[in-house]
Each structure stands twice: as C-alpha cells, then as structure tokens.
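**Q** Let me begin by handing over the structure; questions about it come next.
The values are calculated or read from the model by the stated rules, or taken from the named source; none is laboratory data. Fair warning: this is a prediction, and the values are worked out from it, not measured in the lab. Glycine also receives a Cβ, built like all others from the backbone with ideal geometry; neighbour counts cover every protein chain displayed. SASA here: full protein model, heavy atoms, side chains in, ligands and nucleic acids out. Shrake-Rupley method; radii C 1.70, N 1.55, O 1.52, S 1.80 Å.
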Amino acid sequence: MEQKDSPEYAHLKAGVSGLDLLEAVKRSGYPLQAKVAETLQQALRKNEMHGEMQEEWAYLDRESEQVRALDIFADIPLNHSTDMEIGNHCRLNILIECKQSELPYVFFLRKEAPQNSVTFPEIIGTASADMQIFGTIGHDRMPPNFSYSLSVHDALASHEFQVFDNPPFHAISLTKAARRGGSKLELTGEDAYRSITLPLLKSADHLTSVAPKGDLDPIRFLAPIAVLDAPMIGTIQHNGKNMFIAIPWIRVSYLEPFNERNPWNRTSSKVRYFDVVHSSRLAKYLEILLEGVGACSDRAIENHSVLKSGVAVMGQGDGYVKMRELEEERARYVTEGPMGRVFKSYGGRRLELREDIEITEDKIAVLEW
C-alpha cells in the first residue's frame, strides 16, 4: 500500500524510509534480545522446566542509587524441587545482558582459573558462602572439636559438573575493539566494563540483597551471562608468542577488594565470574547450564537443613559426600570456629597446550564447540 493510501499514523516523515527504520532496529540490539529470550524459552521447554522470564528487568544500583534495567531475567524452579517437602527447594536465576557488534570483543586468556575454588554460578540463600565442617567421630582421627571451613560449592562437589568447573577458557580481562580517530583498531576495556561487567554484577548484587534467606526460602543459583552477537577472540601467550583463538564460551573473572571468606588473609581479592557466550551457541550452553545446576540442586535439596544452618558433619573425600547434622554433644564446639580452610582437589581447571604447536601470530585459530 502506498503511503498516500495509508492512515495518517503510518506516514513516515522527515525523509525517513522503511529501510532506514530497519537499519536502526538492527543496530539497536532489540532483535538479538528477542532471539535470546526465545532461545531460553525453548531450552526450558526442552528440559521440561517452567519459569518466569522478564525482559528489561529493573534493579537498583546500590552505588548510584539509580534504577537500571537488565536485558533478561529468568527465575526457574529446579527439577525435583516440587517433589520435596516445603522449604527444601532451589531456584536458578539467570541474568542476561545482550550485546552486538561488527567489531570483535577481545579476551585476555589464562591457562587456569585465578583462584583454586569454584564460585560460578554463585549460590545464595545458605547461611553463608562457607560451611563449618566437623569430621566423623571415630573415622577422621581428629579431636571432636576440630572443624574447618569449606565453601558451599566444595561441600556440594559442584566441580563434578562442567558448568561449574570446566569452561573452555578463563579470561582475566574483557575488552572491545574500536576505531578512534583513524583506521587503526584500539582495545578499550572501559566500554565492555560499563556495558557488560557492571550490569551483570550489580544486578546480581541487587538480587542477592533482596532475595529472602529464611529457612523456608529457596537456595538460589545465580548465573550472570553476557550473550554476544559479535566476533569473540581470545588471546593467550604460548611459547613467547601471542596466540589468537575464536571461542564461543569464555568465563571472565572480576576482582573486588578483600575476600571476606579468608579473614586470616585480608590481602586477597574477592574473585567473581560471569560467562560470555556467542548467540549461535547459546542453546548448547543453556543445555550444559540447566543440566549441571539441576544436578547440583538435587544435592543442595538433600543437604538443605545443614546448608541453612551452616554447620555439618561430613566424611573425607574430593567427590560428593552427603552431609548430616552435628551431634548435640558437639554443638558447644561451634562457637570455637573453624581451625583452617580446606579446598577440594580437582583437575579440570588447567588448560594444557602442546609445546609443539606452530603459532602464526596474525592468524586466528578456531575452537569448535
């Protein structure tokens, strides 16, 4: 229909054409957001999960006290939770920021994670981020008052599931390529920090601050994710050369001052993570995320009461060991506090590159996934 035959509210003015609008919409990023939301809905249906999803989810930036919006938020009851008694349930909260660009995002990779413990996805709704663990009387050859600190992630042996412990690569920094004042590319970390890192972590902080944490409230798994429709290029030093790799899934770390989980070592930074996934591989990533968190939530439900109290008895072992309530006669030792900190031992966190790899520094290898 020609414009002259259309109603007045459909008339385009100021020289604007339908093609102009189409290009503006494509550049806006909203089609990507809609595509990501639909991919998430499909993943939930495929895994027979039912959750609520909201686009333009509002959160409060505690530093600026301004209300901001995250592209997509999902609140998902986890498998088998409805079969448990009231109060023993878990939920997965996925926080997503979508970005598109013709120029690449560049990740500075490392061969291993920047800390020796698993903390992604984050777990909230427990008594704290750590458990106070007592040994089994008569088996661990420890005095009855001996206890140690163990992270909730390690207590649930979450490292046994790929999404917690085995992404293809870890990155200590995320940057975006840009052209400023000429044709040469420059890398800027500020743009990526303000448009990806801050929204994801600040929205996670907001959710942590408002989510109820009572004994009958759910234990939550928080997964902040950036979904990119842009080239994702990682760079890593190998044999003194820069190696470039195109990667569809990368875990990015962000350091905050002081790790409150190590009060005897106040010089340590707190390490937080978010995942960055290419939009073309989002469905596969969600399958891994939902499977791993779902299985780990079964363990959380099985240990619900001790996770809520923060104190448990557990036998030794790097694999999963069910916890139980502390005996009444040893309850008086809780106030003595843990005598040290323990990390579970696992081997999936270090990347080994062959020494004989031939590297051409201006070429980009491709990691198929």
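**Q** Is there a residue in the range 164-171 that is under 28 Å from ALA312 (Cα atoms) and not acidic (Asp, Glu)?
**A** Scanning the range 164-171, I find at least one residue that is under 28 Å from ALA312 (Cα atoms) and not acidic (Asp, Glu), so the answer is yes.
**Q** In the range 131-145, how many are assigned to a loop (DSSP other than H, G, I, E, B) and modelled with pLDDT of 90 or more?
**A** First, the residues of the range 131-145 that are assigned to a loop (DSSP other than H, G, I, E, B): 135-145.
In the following step, the residues that additionally are modelled with pLDDT of 90 or more were identified as none.
Matching residues across the range 131-145 total 0.
**Q** Next up: Evaluate the range 150-158: report whether one residue or more is open to solvent by 10 Å² or more (accessible area, probe 1.4 Å), out of contact with any helix residue (DSSP H, G or I) (no Cβ under 6 Å at 6 or more places or on another chain) and of a type in the set (Val, Ile, Thr). It would help to see each step written out before you state the result.
**A** Our first condition is that a residue be open to solvent by 10 Å² or more (accessible area, probe 1.4 Å); within the range 150-158, this holds for 153.
Still in the list and also out of contact with any helix residue (DSSP H, G or I) (no Cβ under 6 Å at 6 or more places or on another chain): 153.
Then drop every residue that is not of a type in the set (Val, Ile, Thr), which leaves none.
So far as the range 150-158 goes, no, none of its residues is open to solvent by 10 Å² or more (accessible area, probe 1.4 Å), out of contact with any helix residue (DSSP H, G or I) (no Cβ under 6 Å at 6 or more places or on another chain) and of a type in the set (Val, Ile, Thr).
Yes/no matrix, rows are residues, columns are (1) under 24 Å from LYS363 (Cβ atoms); (2) part of a loop (DSSP other than H, G, I, E, B); (3) in contact with a Gly (Cβ under 9 Å, 6 or more places away or on another chain):
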residue: ILE172; (1), (2), (3): yes, no, no
residue: ARG194; (1), (2), (3): no, no, no
residue: LEU207; (1), (2), (3): no, no, no
residue: LEU216; (1), (2), (3): no, yes, yes
residue: GLY234; (1), (2), (3): yes, no, no
residue: GLN237; (1), (2), (3): yes, no, no
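**Q** Out of the residues in the range 209-219 that are of a type outside the set (A, V, I, L, M, F, W, C) and open to solvent by less than 40 Å² (accessible area, probe 1.4 Å), which is nearest to the chain's Cα centre (by Cα)?
**A** So, considering only residues that are of a type outside the set (A, V, I, L, M, F, W, C) and open to solvent by less than 40 Å² (accessible area, probe 1.4 Å), the one nearest to the chain's Cα centre (by Cα) is PRO218.
**Q** For the range 274-304, which positions are within 18 Å of ILE123 (Cα to Cα), open to solvent by 40 Å² or more (accessible area, probe 1.4 Å) and either touching a Pro at 6+ places or on another chain (Cβ under 6 Å) or touching a residue at least 24 places away in the same chain (Cβ under 8 Å) (or both)?
**A** GLU291, ASP298
**Q** Here's another thing I want to ask about it. Which residues, taken from the range 160-176, are modelled with pLDDT of 85 or more and open to solvent by 30 Å² or more (accessible area, probe 1.4 Å)?
**A** Selection gives GLU160, PHE161, GLN162, ILE172, SER173, LYS176.
**Q** Any idea which residue in the range 241-284 is farthest from the chain's Cα centre (by Cα), counting only those that are part of a loop (DSSP other than H, G, I, E, B) and modelled with pLDDT of 90 or more?
**A** Step one: filter the range 241-284 for residues part of a loop (DSSP other than H, G, I, E, B), giving 247-248, 257-269.
With the extra rule that they be modelled with pLDDT of 90 or more, the set shrinks to 247-248.
Values: ILE247: 17, PRO248: 15 Å.
Only one residue fits best here, namely ILE247.
**Q** For the range 100-122, give me each residue that is open to solvent by 20 Å² or more (accessible area, probe 1.4 Å) and farther than 15 Å from SER253 by Cβ.
**A** Within the range 100-122, GLN100, SER101, GLU102, LEU103, PRO104 meet the criteria.
Matching residues to (1) at pLDDT 90 or above; (2) in a helix (DSSP H, G or I); (3) over 19 Å from VAL277 (Cβ atoms); (4) among the hydrophobic types (A, V, I, L, M, F, W, C):
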site	(1), (2), (3), (4)
TYR9	no, yes, yes, no
LEU22	no, yes, yes, yes
HIS50	no, no, yes, no
ALA69	yes, no, yes, yes
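**Q** Taking the stated definitions as given, is ALA127 of a type in the set (Gly, Ala, Ser), over 18 Å from the mean Cα position of the chain (by Cα) and either farther than 17 Å from GLY340 by Cα or not in a strand (DSSP E or B) (or both)? Write out each step before concluding.
**A** Details: of a type in the set (Gly, Ala, Ser): yes; over 18 Å from the mean Cα position of the chain (by Cα): yes; either farther than 17 Å from GLY340 by Cα or not in a strand (DSSP E or B) (or both): yes.
Answer is yes for this residue.
**Q** Pairs needed: first member in the range 315-333, under 21 Å from ARG141 (Cβ atoms); second member anywhere, open to solvent by 100 Å² or more (accessible area, probe 1.4 Å) and part of a loop (DSSP other than H, G, I, E, B); C-beta distance under 9 Å; at least 6 residues apart or different chains.
**A** From residues that are under 21 Å from ARG141 (Cβ atoms), the pairs are GLY315/HIS139; GLY315/LYS322; GLN316/HIS139.
**Q** Hey, could you check the range 111-162 for residues that are touching a Leu at 6+ places or on another chain (Cβ under 6 Å) and charged (D, E, K, R) and say which is nearest to ILE225 (Cα to Cα)?
**A** Applying the filter and picking the extreme gives GLU122.
**Q** A further question follows. Yes or no: ILE219 within 19 Å of LEU307 (Cβ to Cβ) and β-branched (Val, Ile, Thr)?
**A** Yes, satisfied.
**Q** Give me the pairs, please: first residue somewhere in the range 165-178 and in contact (Cβ under 8 Å) with a residue 40 or more places away in the chain, second residue anywhere and aromatic (Phe, Trp, Tyr) and open to solvent by 20 Å² or more (accessible area, probe 1.4 Å), beta-carbon distance under 7 Å, and either six or more positions apart or on two chains.
**A** Going by the 7 Å Cβ cut-off, the qualifying pairs are ASP165/TYR346; PRO168/TRP369; ALA171/PHE108; ILE172/PHE108; SER173/PHE108.
**Q** Can you name the residue in the range 177-188 that is in contact with a Leu (Cβ under 7 Å, 6 or more places away or on another chain) and open to solvent by 10 Å² or more (accessible area, probe 1.4 Å) and is also nearest to ASN303 (Cα to Cα) among such residues?
**A** ALA178
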